[in-house]
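Everything below concerns the one structure shown next.
The values are calculated or read from the model by the stated rules, or taken from the named source; none is laboratory data. Computed from a predicted model, the values in this text were never measured in an experiment. Note that each Cβ is placed from the backbone with ideal geometry, even for glycine, and that neighbours are counted across all protein chains shown. Ligands, DNA and RNA are stripped out before the accessible areas are found, and what is left, the full protein with its side chains, is counted by its heavy atoms. Shrake-Rupley method; radii C 1.70, N 1.55, O 1.52, S 1.80 Å.
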Amino acid sequence: MFRIELTQSDVAEADALVASLAERYRSVEDPAFVREATVIAHELPRALRAGLTEFRLTEPHPLCVVGGYPIDDDRIGPTPAHWKDCGGEGRPTLAEDLFFYLCASLLGDPIAWSTQQDGRLLHDVFPIKEHQYEQLGSGSEELLTWHIEDAFHPMRTDYVGLMCLRNPDGVNTTYGSLEGIDLPTDVVEVLRQERFPIRPDRSHLAANRQNDDGDEQLRRLRDRSYEWISGLDANPEPIAVLFGPQENPYLRLDPYFMEVPASDPEAAAALDTIVKAIDANIAGYALKPGEVLFLDNYRGTHGREPFTARFDGTDRWLTRLNIARDLRKSRAHRRSADARTIY
Ligand SMILES: NC(=[NH2+])NCCC[C@H](N)C(=O)O
Ligand SMILES: O=C(O)CCC(=O)C(=O)O
Ligand SMILES: [Fe+2]
């Protein structure tokens with residue numbers, strides 16, 4: 001994996017920047033911060049900026065870890081019980097949120113899904129009791145099967161960022177890719193065709209909806225998004241699993257939510273081949289508090305190993321950002337040029 005290690009003076013620089021921002025902004029969701037973040041990110045330590053730029057431009061590996069940012073476990077307080085209780089202003093993790101968001105801003109622009117976690121930009125990923133056995137980031141007892149994030153969505157992002165706030169049992173994030181794998185050319189050809197129906201993962205379904213605020217227009221847009229998702233759930237659209245460069249093609253799949261019809265055995269066999277190839281090379285990495293992981297969501301899949309949650313405020317806690325390289329690709333689904341929520 002590609003690693004960027006902050007030195008002591010890098011940390012001091014980043015801390016000073018974050019401390020000054022924490023006096024001006026109360027949340028990374030503040031539209032004024034979102035507007036300024038790209039400019040402010042240029043005040044991060046040079047080695048960090050250079051590393052993230054290299055990761056973005058040369059695609060050296062599907063994973064990039066930024067290590068060395070310190071976290072005061074007491075100051076961030078207990079791991080919350082549900083994301084609906086901890087978004088927006090007043091988070092004890094404001095400093096960590098700001099640092100994470102600025103790093104992300106060197107790769108692209110974070111976006112929010114109207115259908116995920118109340119339309120927040122910054123998601124929380126910790127175990128939620130009612131989700132123990134679900135295929136959700138908030139699950140725990142089940143292996144979170146590997147996936148491209150939001151694979152079903154035409155506007156899924158280029159990167160997924162995960163910042164580790166705590167991970168007391170060293171639970172592994174899993175990752176896989178096509179690196180070192182030579183798929184037969186006829187299989188690749190089939191995988192490049194739109195023959196693979198995919199359903200939305202459960203995190204976008206109305207069953208997980210909490211948000212109902214906002215004006216009339218906002219509610220209508222949100223209703224429309226949920227309708228689109230449930231339509232897709234009932235009638236999955238066939239997508240291509242591979243795209244882009246002939247060698248080292250990009251990936252788009254979430255096998256748990258994909259089923260090829262019996263009428264297309266050739267496609268079923270091709271999907272089976274790539275899933276087995278990626279499965280054979282799955283690796284794991286246990287994020288440490290303060291580490292930020294950026295996953296290249298075109299090049300690598302990821303998931304999470306099962307664990308037993310405690311539900312006592314000491315559980316594993318990550319935050320998550322979805323980062324787009326080109327906001328314009330989703331412009332038709334956002335309310336203004338600089339709005340971040342995709343409807
Ligand atoms: N294979 C899967 N489990 N896919 C769904 C991944 C979890 C989803 N991204 C979430 O936010 O909860
Ligand atoms: O918990 C992890 O390490 C990964 C979670 C994940 O894949 C997700 O939330 O989509
Ligand atoms: Fe994920």
Residue-level accessible surface for residue 179, protein heavy atoms, 1.4 Å, Å²
80 Å²
Among 28, 55, 322, pick out the residue whose Cα is farthest towards the positive end of the charge dipole of the chain, where Lys and Arg carry +1 and Asp and Glu carry -1 on C-beta, about the Cα centre.
28
With Cα atoms, 0 to 90° folded angle of helix 265-279 axis to the chain main axis:
40 degrees
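Taking every DSSP beta bridge with both residues inside the chain, roughly what % is antiparallel (nearest 5)? Numbers along the way, then the final one.
Details: 39 of 45 bridges.
Taking every DSSP beta bridge within the chain, about 85 percent pair in antiparallel fashion.
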Net +/- balance of residues flanking residue 159 in space, Cβ distance below 13 Å, scoring K and R +1, D and E -1:
-2
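Which of the three applies to the stretch 259-343, rounded, prolate or oblate, going by the alpha-carbon gyration tensor with a ≥ b ≥ c and a/c under 1.5 meaning rounded?
oblate
Please list 299, 310, 35 from largest to smallest accessible area, probe radius 1.4 Å, with all protein chains kept in place.
Largest to smallest exposure gives the sequence 35, 310, 299.
Using helices alone, what [θ] at 222 nm do you get for the chain, with -39,500 (n - 2.57) per DSSP H run of 4 or more residues, divided over all residues and rounded to the nearest 500?
Values: 7 runs with 92 residues, N = 343.
It comes out at -8500 deg cm²/dmol, rounded to the nearest 500.
Could you work out the relative contact order of the chain? I mean the mean sequence separation of Cα pairs under 8 Å and 6+ apart, divided by the number of residues, in percent.
On the way: 645 pairs, mean separation 104.2, N = 343.
It rounds to 30 percent for the chain.
Which value results when the Cα radius of gyration for the stretch 1-89 is divided by 2.2 N^0.38 Å? If you can, show how the numbers build up before the last one.
Working: Rg = 15.2 Å, N = 89, 2.2 N^0.38 = 12.1 Å.
Here the Cα radius of gyration is 1.25 times the empirical estimate.
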Please give the helix 216-234 orientation as an angle from the longest Cα principal axis of the chain, in degrees from 0 to 90, rounded to the nearest 10.
40 degrees
With r as the distance between the Cβ atoms of residue 53 and residue 235 and R0 = 51 Å, compute the FRET efficiency 1/(1 + (r/R0)^6) and round to 0.05.
0.80
What distance in nm separates the simple spin-label points at residue 35 and residue 312, each placed 7 Å from Cα in the Cβ direction?
4.7 nm
If you bin every alpha carbon distance in the stretch 240-297 into 10 Å steps from zero, what whole percent lands in each bin?
16, 42, 28, 11, 2
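Distances over 24 Å make up what percent of all Cα-Cα pairs in the stretch 191-343? Walk me through the intermediate numbers first.
Numbers: 5984 of 11628 pairs.
Cα-Cα pairs of the stretch 191-343 separated by over 24 Å account for 51 percent.
Going by average Cβ neighbours within 10 Å, how do the peptides 108-120, 321-333 rank, with the highest at the top? The partial results should precede the final answer.
On the way: 108-120: 21.8, 321-333: 17.5.
Highest mean packing first, the order is 108-120, 321-333.
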Across the alpha-carbon set of the chain, Rg over Rh with Rh taken as the Kirkwood radius works out to 0.95
To the nearest 20 debye, the stretch 164-257 has a Cα-centred charge dipole, built from +1 on Lys and Arg Cβ and -1 on Asp and Glu Cβ, of 240 debye
Measure off 7 Å from each Cα along the Cα-to-Cβ vector at residue 205 and residue 12, then give the distance between these two points in nanometres to one decimal.
5.3 nm
Relative contact order of the stretch 158-277 (C-alpha contacts under 8 Å, at least 6 apart) in percent is 36 percent
If one takes the longest principal axis of the Cα atoms in the chain, at what angle in degrees, from 0 to 90 and to the nearest 10, does the Cα axis of helix 31-40 lie?
90 degrees
Heavy atoms of the protein only, probe of 1.4 Å, neighbouring chains included. What is the accessible area of residue 171 in Å², nearest 10?
10 Å²
Distances over 16 Å make up what percent of all Cα-Cα pairs in the stretch 49-165?
68 percent
Debye intensity ratio I(q)/I(0), log10, the stretch 130-269, q values 0.11 Å⁻¹ (C-alpha model):
-0.53
Using just the alpha carbons, could you tell me how many Å³ per residue the convex hull of the stretch 141-188 encloses?
155 Å³
